[in-house]
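Some notes on the structure that comes next.
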Amino acid sequence: MDPGYFLFHVKPLEAAARLSGLTLDASMRRKLERYIAWLGDEGMTAGGIGPAEAERLESRHIADSLLFASQIPAGSTEVWDLGSGVGLPGIPLAIVLPDTDFTLLDRSGRRGNLLRRVVRILDLANCEVRNAEIEHLEGEIGVIVTRATLPPEQMALVGESLLAPGGVAIMGGSWRRRPEHLGWETVEIPREVLDHTIWLLIMRRE
């Protein structure tokens, strides 16, 4: 498809969904819209989102989160969102991938309570919230997602310790230039999709 089609004909959520191979049904749209409203109200009041983000919640935070789905292997049954904060990218992904179980992990008890509240509001049966320090996590997981919770060099060590064989870690961030880090593959999302270039860092465990 011509990249210009995204820029002139498709809203950010639709563009991100199409790029990721997702189909948004009416229920998903309602939950995404409700989550956007919650972020702009309670999420912002609690300090999880800065006031300057109010005008770009859909494009900068929700649509951006949906792009992670483009790198989640088909058939994945469980995903950990490390340093979830107010649920980004985990909650938008849980909405559009209802057959996948998501664990939203954050060290802060206050943010954990906030996450539990919005999970209840959105009735996300496939979401579990856990309070934990990343460095204390144990076990093996097939997919990790995170939005710049740690520098890539540190997150690479986390991925090596937690990813199951064949697993993948997907990391996003507000990079102004193309990021290149040892152990990570860089995937570029063209600016035509969300009106600005986005990069995802991908780590795969053999």
Take the Cα pairs of segment 108-206, get the Kirkwood Rh, then feed it into Stokes-Einstein at 37 °C and 0.692 mPa s and tell me D in µm²/s.
216 µm²/s
For a quick check: sort ASP81, ASP123 by the number of other beta carbons within 10 angstrom, fewest at the front.
ASP123, ASP81
Applying 1/(1 + (r/R0)^6) with R0 = 25 Å to the Cβ-Cβ distance of GLU55 and LEU150, what FRET efficiency is obtained, to the nearest 0.05?
0.35
Does a label point 7 Å from the Cα of GLU135, set along Cα-to-beta-carbon, have any residues of segment 163-194 with amide nitrogen under 19 Å, and which are they?
163
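Counting only Cα atoms, I'd like the Rg/Rh figure for the chain, Kirkwood definition for Rh. Walk me through the intermediate numbers first.
Values: Rg = 15.9 Å, Rh = 17.1 Å.
My calculation puts Rg/Rh at 0.93.
Please report the net charge: other residues with Cβ closer than 14 Å to the Cβ of ALA26, K and R +1, D and E -1.
Result for the local shell: +1.
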From the helices alone, meaning DSSP H stretches of at least four residues, give me the mean residue ellipticity at 222 nm for the chain, per-run term -39500 (n - 2.57), in deg cm²/dmol to the nearest 500.
-9000 deg cm²/dmol
Less than 14 Å Cβ to Cβ from LEU162, Lys/Arg counted +1 and Asp/Glu -1: what total charge do the surrounding residues give?
-4
Using the Cβ atoms and a cut-off under 12 Å, what net charge is assigned to the surroundings of ARG110, where Lys and Arg are +1 and Asp and Glu are -1?
+3
In Å, what Kirkwood hydrodynamic radius results for segment 55-146 from the alpha-carbon pair distances?
13.2 Å
Segment 15-103: which GluC sites (Glu not before Pro) are DSSP loop and have at most 10 other beta-carbon atoms within 10 angstrom?
none
With a Förster distance of 35 angstrom and the Cβ-Cβ distance between ARG191 and ALA74, calculated FRET efficiency to the nearest 0.05 equals 0.85
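A short reminder: the numbers here are calculations on the coordinates, not readings from a lab. In this text, all values refer to a predicted model and were calculated from it rather than measured experimentally. Reconstructed Cβ throughout: ideal geometry from the backbone, glycine too, with neighbour counts over all protein chains shown.
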